Amino acid sequence: MSAGAVASALAGAGARGQERQGKPVDDFWAQRLGYSAQKGVFELPPLPFAPEALEPHIDAQTMTLHHGRHHQAYVNGLNAALKKLGELRDGAIEPALYRHWTRELAFNAAGHANHTLFWGTLAGPSAGGGGRPAGPLLSAIDRDFGSFEKFEGQFKATAAAVEGNGWAWLVVHRAMPGGRLMVSASERQQDLYFWGSEPILGVDVWEHAYYLKYQNRRSDYLGAFMNVIDWAAVSARYAAIVGP
Ligand code: MN3
């Protein structure tokens, strides 16, 4: 390594060290997930808009139940898993209980994170929901999928094909240069997740997300969902990950 490269690498390490001491570059999850250091538990963050804001595409009753009961249940499950794992460490050790509560931890933590991201990427018709992105995100979609229409086709088809409960995602892979985008899916909350991918948009296709209004017509829900995507928020998340 040349002297210049060494100096450059050290400068980079120094910059990263400063970031660790101060505000991290990308502290999205730290800001959003509602961890109370004082109480030592996660708390359900409020829905960032009124439950009726996504009408007529997603109804208020679905939103109220989805946030207040389903999302709350993931937060409760996450806190319970952390508590139980602590109790197991301190008491009688039964390996099968570790397996159970570690699974509970992964499922509920992912459920909490998935829904937190989800609410933050939605906007009603009067708040700019729907349409398509602009700027660097649209350029990246054109580059990586061929066109916005091809992205939309893959995203909706992936969501329609999730077996049982799960999600379809638009993700950035951190290891690939230039903010490479991909469409992926989760079964349940986190099964099929691959390390290094960072979701910037997801659609919840658990039946609790749409059954009251759409019953078993998942494809109708997916069509409506495209009308409530807050592309400005998705673009901001993309920019935060990829950088200027
Ligand atoms: Mn859900």
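Any read-out appearing in this document is the output of simple, stated calculations on the displayed coordinates, not a laboratory observation. This structure is a prediction, so every number in the text was calculated from the model and none was measured. All Cβ positions, glycine included, derive from the backbone under ideal geometry; neighbour counts span all protein chains shown.
Across all directions, the average projected area of the convex hull around the alpha carbons of the stretch 61-165 is 9.8 nm².
Projected over all directions and averaged, the alpha-carbon convex hull of the chain occupies 16.7 nm². Using a cutoff of 8 angstrom between alpha carbon atoms and counting only pairs six or more residues apart, the relative contact order for the stretch 51-131 works out to 36 percent. Given R0 = 41 Å, the distance between the Cβ atoms of residue 39 and residue 211 translates into a calculated FRET efficiency of 0.75. Proximity of backbone amide H atoms, modeled 1.01 Å from N, is registered between residue 181 and no other residue at under 5 Å, excluding neighbours fewer than 5 places apart on the same chain. Working from Cα pairs under 8 Å separated by at least six residues, relative contact order for the chain is 21 percent. Applying both filters, DSSP loop and at most 13 other Cβ atoms within 10 Å, to the GluC sites (Glu not before Pro) of the stretch 141-192 gives 163. Between 95, 136, 51, the residue with the greatest mean-square fluctuation in the GNM of the chain (Cα pairs under 10 Å linked by springs) is 95. Residue-wise HN-Hα couplings along the stretch 42-52, as the Karplus relation 6.51 cos²θ - 1.76 cosθ + 1.60 with θ = phi - 60° gives them from phi, are 8, 10, 5, x, x, 4, x, 7, 5, x, 8 Hz; Gly and Pro carry x. For the stretch 96-231, the alpha carbon positions stretch 49, 40, 26 Å along the principal axes, listed from largest to smallest. Mean residue ellipticity at 222 nm, helices only, the chain: -16000 deg cm²/dmol; runs of at least 4 DSSP H residues each add -39,500 (n - 2.57), and the sum is divided by the number of residues.
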